[in-house]
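Notes for the one structure printed next.
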2 protein chains.
Amino acid sequence: MIVKAQTYTFGHTSDDALPLRCGRKLGPVSIAYETWGTLNPEASNAILVCHALTGSAHAAGKYEESDKKPGWWDDMIGPGKAFDTDRFFIVCSNVLGSCYGSTGPASINPATGKAYAMSFPVITVADMVNAQVRLADFLGVKKWLSVVGGSLGGMQALQWAVAHPERVHSCMPIATTARLSPQAIGWDWVGREAILSDPKFLGGEYSKEAPPERGLAVARMLAHITYLSDASMNEKFGRRLQQMSDVNYSFDLNYQVESYLNHQGLSFVGRYDANAYLYITRATDYFDLASEGGGELSAALAKSRCAFGIISFSSDWLFTPAQSEELVAALLRLKREVFHCDIQSDYGHDAFLLEVETLGSLVRGFLSNQERSFRHG
Amino acid sequence: MIVKAQTYTFGHTSDDALPLRCGRKLGPVSIAYETWGTLNPEASNAILVCHALTGSAHAAGKYEESDKKPGWWDDMIGPGKAFDTDRFFIVCSNVLGSCYGSTGPASINPATGKAYAMSFPVITVADMVNAQVRLADFLGVKKWLSVVGGSLGGMQALQWAVAHPERVHSCMPIATTARLSPQAIGWDWVGREAILSDPKFLGGEYSKEAPPERGLAVARMLAHITYLSDASMNEKFGRRLQQMSDVNYSFDLNYQVESYLNHQGLSFVGRYDANAYLYITRATDYFDLASEGGGELSAALAKSRCAFGIISFSSDWLFTPAQSEELVAALLRLKREVFHCDIQSDYGHDAFLLEVETLGSLVRGFLSNQERSFRHG
């Protein structure tokens, strides 16, 4: 499946610029996006897939046949797959603040001719979604058949449901939460401190050729542990050593788990922008769905009109099954249509990218059901 | 209770030096220690208390009445307390490799006249215990009534039990494990990477006045999160903000949990040596009790002759209750005397320092029982 990277830009004038939660306005704003399948004449088959922390709009397919790897959810999106591109029009856009084509701290600020860096406004999940609203208008999608996403993507799905209820027929928040726990805020804090402490960070004014690579690698390695589970790490690595018969009494790589984390850190540095990491993690800290209801989660959820398919993973200790259950319980009290499944999995938070068979079946069933009840608002 | 900081030094000659697991010999070796109570004429009332990762020999009492704080387990050690100094002779020594008086990377290498820094040998828990054996000889303690400790202290207690079975009547490993999980090895790796990445680290040759403070603070903040539990963080901080009515759209301290971690990081930098942190965390990575039995935990434990009192805490996710239960099950199969309790607590790994009432009662009961059965080997 060949897909084209596209970009929609808006906000060239002050009137058209994007108002942000921090009080500033941002413009122009480019949103990188990709689409799969065809929007039907009634525009009733559009699904928005929202990506996670460091993801991109490249959710499925390849740009060229010779690409080594397809998009990040290619197992889920395609002809005959759970997100069946023969039936649905799938859209995935890169979040505001990222470094994969949408406007973010690495973008050029037209007012200065230089990259925004730390002068980029601190953005929120609400801002990301408001930018997606503009993209939906451009694409002619008045109402999504479904807004779906895992992790930060699930936060976007929840935000769509309560802030733009008339535009969402159904919503699938996967491996996510209505708000980060203090522990998760703590991990983000420590990761950002590692980046901010790197002398190559230079207040965010580093060059592309000399990024704060060690700080960014530390942040990524730390975060990566929170994406796995104790069980999956035991299975995958145990206490196995690298190619050596005994520990070598040094601080070098001894254990396979060290080598794995090291590799994760290094490869992340090659693909992600440090400033973007700061901004996007901060957006997740700040996300609190209850704030859409004056501090009450149930008041926020009461604004929604859509059906919910809420999926958690049993070994996810970053965004726990209990956090999903809190959403389910609140929605049931509000008499909303709720489908909920806690998928038994040892893969931890990363399970939303790995448990494609079970997840795919649930998504397929949920969408098939929602397709029948879709009505234009 | 006034206590005196003492030091025992050995290994001035090559014959007397301490052979280490890495193959090197270390000498001279100083071991900082403190004692409370009086060794009875039969030397049958001696208890060794082993400290955790960044602890010291100063487990109880004050050096002077005007000291602001007593030792780290003062609630547990003293006249009439669980470790009753009216009955027992309590010893606590600073581990080899630390920076609180015992020989470690910050000590002067007599061969060069400069601090060892990274030329210090990579040490193990077995080495720490072998240094304590020399201290026991010096103190005239042939056999401990009990060897007790939490976390890394518990690893030392386990090591004593299997490597020096004739010298241990009973053993209380608290909040500990026979080996670190790959997740715990991963946290240590990331923490050390933060230190090693700090340009002020200078290959370990930093001056006392200019330590790699930011790297060390990141390592400490990360580790500190693993000492708490999700529940205790929710209770203690929730998502509460600092003195401010709303988030301030910045990367500064917004949440109370951020401020708390920041404080923990900064205060640690003032009290601990970065090289020592590298060495002691590495010793915990390398600890695997099974290696004392050719790779079989049960073979290692079969060498022990003592009674065991094994205590875990329900919310400890660093060294889990399941890890303690594995020890208990193996010991029961070996028909060893085992007392085991999983204390219900929300305090996570730190519970061994905080749940002093419950823990104290259990320790009191265990010691009272062991006192009756003590026989000289």
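Values in this text are rule-based calculations from the coordinates and carry no lab data. Please read these numbers as outputs of a predicted model, since none were measured by experiment. Because the Cβ atoms are built from the backbone with ideal geometry, glycine has one as well, and the counts that use them run over all protein chains shown.
Which of the aspartates and glutamates could a cross-linker span from B:Lys208 if the Cα-Cα distance has to be under 18 Å and same-chain partners fewer than 8 positions apart are dropped?
B:Asp198, B:Asp273
Per residue of B:195-204, what is the mean number of Cβ atoms on other protein chains within 10 angstrom of that residue's Cβ?
The shielding value for this peptide is 3.
Kindly give Rg over Rh for the range B:220-259, based on alpha-carbon atoms, with the Kirkwood expression for the hydrodynamic radius.
1.01
Using the Karplus equation 6.51 cos²θ - 1.76 cosθ + 1.60 (θ = phi - 60°), what ³J(HN,Hα) coupling, rounded to whole Hz, does each residue of the range A:113-123 give in order, writing x for Gly and Pro?
x, 10, 4, 4, 6, 6, 7, 5, x, 6, 9
What are the ³J(HN,Hα) couplings of the range A:336-342, residue after residue, when phi is run through the Karplus curve with 6.51, -1.76, 1.60 and θ = phi - 60°? Round to Hz, x for glycine and proline.
Per residue, the Karplus-derived 3J(HN,Hα) values read 7, 6, 10, 10, 9, 9, 9 Hz.
Place a label point 7 angstrom from the Cα of B:Thr38 along the Cα-to-Cβ direction, then list the residues of the range B:347-377 whose backbone nitrogen is under 19 Å away.
Under 19 Å, as judged by backbone N against the label point of B:Thr38, lies no residue of the range B:347-377.
Under a Cβ-Cβ cut-off of 11 Å, what is the net charge of the residues other than A:Val29 that fall near it, where Lys and Arg count +1 and Asp and Glu count -1?
Result for the neighbourhood of A:Val29: 0.
For a quick protection proxy, order the peptides A:246-257, A:163-174 by their average other-Cβ count within 10 Å, most packed first.
A:163-174, A:246-257
Using only the alpha-carbon atoms of the range B:55-102, report the extent along each of the three principal axes, biggest first, to the nearest angstrom.
Answer, in whole Å and largest first: 33, 25, 13 Å.
What is the set of long-range amide H partners of A:Trp317 at a cut-off below 5 Å, with H atoms built 1.01 Å from backbone N?
A:His349
For B:Thr13 and B:Ala322 in one chain, what is 0.36 nm times their gap in residues minus the Cα-Cα distance, to one decimal in nm?
106.8 nm
With a Förster radius of 56 Å, plug the Cβ-Cβ distance of B:Val133 and A:Ala329 into 1/(1 + (r/R0)^6) and report the FRET value to the nearest 0.05.
After rounding, the FRET efficiency stands at 0.45.
Can you list the residues, at least 5 places off or on another chain, whose amide H is less than 5 Å from the amide H of A:Thr176, using H built in the peptide plane?
A:Ser151
What does the charge count around B:Ala106 come to, taking other residues whose C-beta lies under 10 Å from its C-beta (Lys +1, Arg +1, Asp -1, Glu -1)?
After counting each charged neighbour, the total is 0.
So what are the ³J(HN,Hα) numbers for the range B:237-252, from phi and the Karplus equation (6.51, -1.76, 1.60; θ = phi - 60°), rounded to whole Hz, Gly and Pro as x?
Coupling constants for the range B:237-252: 10, x, 10, 5, 8, 5, 4, 6, 7, 8, 4, 10, 6, 8, 9, 6 Hz.
May I ask you to order B:343-353, B:46-56 by the average number of other C-beta atoms within 10 Å around their residues, highest value first?
Descending mean neighbour count gives B:46-56, B:343-353.
Return the long-range amide H neighbours of A:Ala46 (sequence gap of 5 or more, or a different chain), with a cut-off of under 5 Å between placed amide H atoms.
Here A:Phe89, A:Leu145 satisfy the definition.
Relative contact order (percent) for the range B:184-281, with alpha-carbon contacts under 8 angstrom and 6 or more residues of separation?
It rounds to 30 percent for the range B:184-281.
Going toward the positive end of the dipole of the protein assembly as shown, with +1 on Lys and Arg Cβ and -1 on Asp and Glu Cβ, which of A:Tyr63, A:Val141, B:Ile195 do you reach last?
Farthest towards the positive end: B:Ile195.
Only Cα pairs under 8 Å and at least 6 apart count here; give the relative contact order of chain A as a rounded whole percent.
Over chain A, the number comes to 17 percent.
Have a look at B:Val328, B:Asn254, B:Gly238 and report the one farthest towards the positive end of the charge dipole of chain B, computed about the Cα centre with Cβ charges (Lys/Arg +1, Asp/Glu -1).
Looking along the dipole axis, the top candidate is B:Val328.
Can you tell me the alpha carbon radius of gyration of the protein assembly as shown divided by the globular rule-of-thumb value 2.2 N^0.38 Å?
Taking the Cα Rg and dividing by 2.2 N^0.38 Å, one obtains 1.05.
What is the Rg over Rh value, at two decimals, for the range B:208-288, using alpha-carbon atoms and the Kirkwood definition of Rh?
Reported Rg/Rh (Cα atoms, Kirkwood Rh): 1.06.
In the neighborhood of B:Met1, defined by Cβ-to-Cβ distances under 9 Å, what is the net charge if each Lys or Arg adds +1 and each Asp or Glu adds -1?
Here the charged neighbours net out to 0.
What do you get for Rg/Rh of chain A when both radii come from the Cα atoms and Rh is the Kirkwood radius?
Using only Cα positions, Rg/Rh for chain A is 0.96.
State which helices in chain A qualify, where a helix is a whole DSSP H run, it must extend 20 Å or more along its own axis by its Cα atoms, and its mean Kyte-Doolittle hydropathy must be at least 0.0.
Helices meeting the span and hydropathy rule in chain A are A:125-139, A:182-197, A:213-227.
For the range B:276-333, take N as its residue count and report Rg(C-alpha) divided by 2.2 N^0.38 Å.
1.27
Treating only the Cβ of Lys, Arg, Asp and Glu as charged (+1, +1, -1, -1), what charge dipole size does the protein assembly as shown show about its Cα centre? Round to the nearest 20 debye.
It works out to roughly 140 debye.
What three numbers, in Å, describe the spread of the alpha carbons of the range A:252-364 along their principal axes, ordered from the longest?
Result, largest extent first: 56, 33, 22 Å.
Just tell me how shielded A:244-257 is by partners: mean number of partner chain Cβ atoms within 10 Å of each residue's Cβ, no decimals.
Shielding by partners across A:244-257 averages 5.
Projected onto the charge dipole of the protein assembly as shown (+1 at Lys/Arg Cβ, -1 at Asp/Glu Cβ, origin at the Cα centre), which of B:Ser119, A:His51, B:Pro182 gives the Cα projection farthest towards the positive end?
Selected residue: B:Ser119.
Kindly flag which residue pairs out of B:Lys68/B:Lys114; B:Lys25/B:Lys114; A:Lys4/A:Lys143 have an alpha-carbon separation exceeding 25 Å in this structure.
B:Lys68/B:Lys114
Looking at chain A as a GNM with Cα springs under 10 Å, which of A:Gly204, A:Gly80, A:Gly215 has the largest mean-square fluctuation?
A:Gly80
With +1 on each Lys and Arg Cβ and -1 on each Asp and Glu Cβ, and nothing else charged, work out how big the dipole of chain A is about its Cα centre, in Debye to the nearest 20.
860 debye
Treating only the Cβ atoms of Lys and Arg (+1) and Asp and Glu (-1) as charged, compute the dipole magnitude of the range A:184-281 about its Cα centre; round to the nearest 20 debye.
That gives a dipole near 140 debye.
Helix-derived [θ] at 222 nm for chain A: sum -39500 (n - 2.57) over DSSP H runs of at least 4, divide by residue count, nearest 500?
Calculated mean residue ellipticity at 222 nm is -11000 deg cm²/dmol.
Could you work out, residue by residue across A:210-221, how many beta carbons of other chains sit within 10 Å of that residue's beta carbon, and then give the average as an integer?
Taking all residues of A:210-221 together, the mean is 4.
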